[in-house]
There are 2 protein chains.
Amino acid sequence: MTTELSPRAREIVAVARQLLEEKGPAGLSMRRLADRVGIRASSIYKHLPDKQALEHAIVSTVFEELADEFEAALEHADPVGTMVAIYRRYAKDHPHLYRLMTEQPLQRDLLVPGVEERASLPARLLVGDDPDAGRALWAFAHGMTILELNDRFPPSADIDAAWRAGFDAFRRYAENAQ
Amino acid sequence: MTTELSPRAREIVAVARQLLEEKGPAGLSMRRLADRVGIRASSIYKHLPDKQALEHAIVSTVFEELADEFEAALEHADPVGTMVAIYRRYAKDHPHLYRLMTEQPLQRDLLVPGVEERASLPARLLVGDDPDAGRALWAFAHGMTILELNDRFPPSADIDAAWRAGFDAFRRYAENAQ
DNA sequence: ATGGTAGGCTAACGGCGTTAGCTTGTCAAG
DNA sequence: CTTGACAAGCTAACGCCGTTAGCCTACCAT
């Protein structure tokens, strides 16, 4: 269902998002959420069909927020670099949101329509004439982000340097495209 | 605890792995696992301290398997390309295992010692003299893999081409390293 | 012969998502 | 002014989940 959320539903989603950011995925239960909202768990179902829909509603708010920031970055001198920096920083500031957004197959009919496309502006912009390289760059950025979030690099790793190396590789590739 | 698993524990882990591959993460519950093994859920705790340890034991078997394949690839003419192909294929053949292995912070003291290092052979080999580029390449490979697994590319995307683009970018980068 | 231990068991706890079915207040139509 | 629909709350319950406590029994070493 792609139908608009009621104002009350939006309130609940906002509380859910806050709860997730604070306590992580294990902390976001229907009962705890209801507690914070001041109702009983079963009443949530008057506003949202199930937990999956709730999570997708949260994801939609994240997409919107990211899209706003990306679009603002268009003004910058180096929009590509700026957007990558925004991406990286957003994940660091909101790790649980970032995981929620990326670590599951999206059920697109549960998202606010159009919001995924808006948030994918950088992927489309960065290497506009080469969508394959654009996707590869996105994969790199996501890989770096999630591997860092999940503590998969050895402690000795210079993560900034890895970002630079990858970004350089793609920049050069885009420059000498043939 | 890094202590060795008992033979019985290894049996249970093997069944658990099979269950996960078949039914996905939601299908891997202590009760279902016990059912398959022919005991009660609580008895599992005689062999493994908790579910986290069970999952890490599964991950260890995956690391071992991957490491074996990687090491065999050393014989090949193009070990780097071969290893990337192995990586990609493994994820496609065992999506639930791949997710389990990558989508959470690892608790390294729960792994069989040394197994993570063995499985990271490609990362170390590929760009041996430039660990930063090695990590970036790994991030790219993981990003491509997980984004594809999670259905995040539009249906129109040419995923093979994206792999090629990224791989080329890194290869050129490694060639013109300064 | 005996006592410890490995490896089963039952029962239970507190949590989870979700559903069925009841109640109440608001508000529009007759 | 009454009435009836409906939105939005409630309680109770179902069947899952991971995990723990405490019991039993068979084996094996002293």
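Treating only the Cβ of Lys, Arg, Asp and Glu as charged (+1, +1, -1, -1), what charge dipole size does region B:7-175 show about its Cα centre? Round to the nearest 20 debye.
With Lys and Arg at +1 and Asp and Glu at -1, about 900 debye.
Between helix A:131-149 and chain A, what is the angle of the helix's C-alpha long axis to the longest principal axis, kept within 0 to 90° and rounded to the nearest 10?
Helix A:131-149 sits at roughly 60 degrees to that axis.
Arrange the following residues from fewest to most other Cβ atoms within 10 Å of their Cβ: B:Leu110, A:Leu74.
Ranked by crowding around the Cβ, least crowded first: A:Leu74, B:Leu110.
Filter the cross-link list A:Lys46/B:Lys92; A:Lys92/B:Lys51; A:Lys46/A:Lys92 down to pairs whose alpha-carbon distance in this structure exceeds 31 Å.
A:Lys46/B:Lys92; A:Lys46/A:Lys92
State the answer as a single residue: which of A:His76, A:Gly38, A:Ser60 lies farthest towards the positive end of the charge dipole of region A:31-85, with beta carbon charges of +1 for Lys and Arg and -1 for Asp and Glu, about the Cα centre.
The Cα lying farthest towards the positive end belongs to A:Gly38.
Per DSSP H run of at least 4 residues, take -39500 (n - 2.57); add these up for chain B, divide by its residues and hand me the 222 nm value, nearest 500 deg cm²/dmol.
Counting only the DSSP helices, I get -21500 deg cm²/dmol.
Between copies, how far apart are the A:Ser156 label points? List them in nm, one decimal, shortest first, with each point 7 Å from Cα toward Cβ, please?
Its label point is 4.7 nm from the equivalent points in the other copies.
So what is the orientation-averaged projected area of region B:7-175, using the convex hull of its C-alpha atoms, in nm²?
Taking the Cα atoms of region B:7-175, their convex hull projects to 11.0 nm² on average.
Give me the angle, in degrees from 0 to 90, between the Cα long axis of helix B:159-175 and the longest principal axis of the Cα atoms of chain B, rounded to the nearest 10.
60
For A:Gln52 and A:His76 in the same chain, what is the full-extension length gain: residue separation times 0.36 nm, less their Cα-Cα distance, in nm?
Extra length from A:Gln52 to A:His76 when fully extended: 5.0 nm.
Rounding to the nearest 10 and keeping the result within 0 to 90°, find how far the Cα-based axis of helix B:79-93 lies from the longest principal axis of chain B.
For helix B:79-93, the angle is close to 40 degrees.
When the chain is fully extended, how far beyond the present Cα-Cα distance does A:Ala161 get from A:Ser29, taking 0.36 nm per residue of separation?
43.7 nm
Taking the Cβ of each residue in A:Met30, B:Met83 as the centre, tally the other Cβ atoms inside 10 Å and list the residues starting with the fewest.
Ranked by crowding around the Cβ, least crowded first: A:Met30, B:Met83.
In what sequence do A:Lys51, A:Lys46 fall when counting other Cβ within 10 Å, fewest first?
A:Lys46, A:Lys51
Every number in this text was worked out from the coordinates using simple rules, so none of it is lab data. Note that the coordinates shown come from a computational prediction; the quantities given were computed from them, not determined experimentally. Note that each Cβ is placed from the backbone with ideal geometry, even for glycine, and that neighbours are counted across all protein chains shown.
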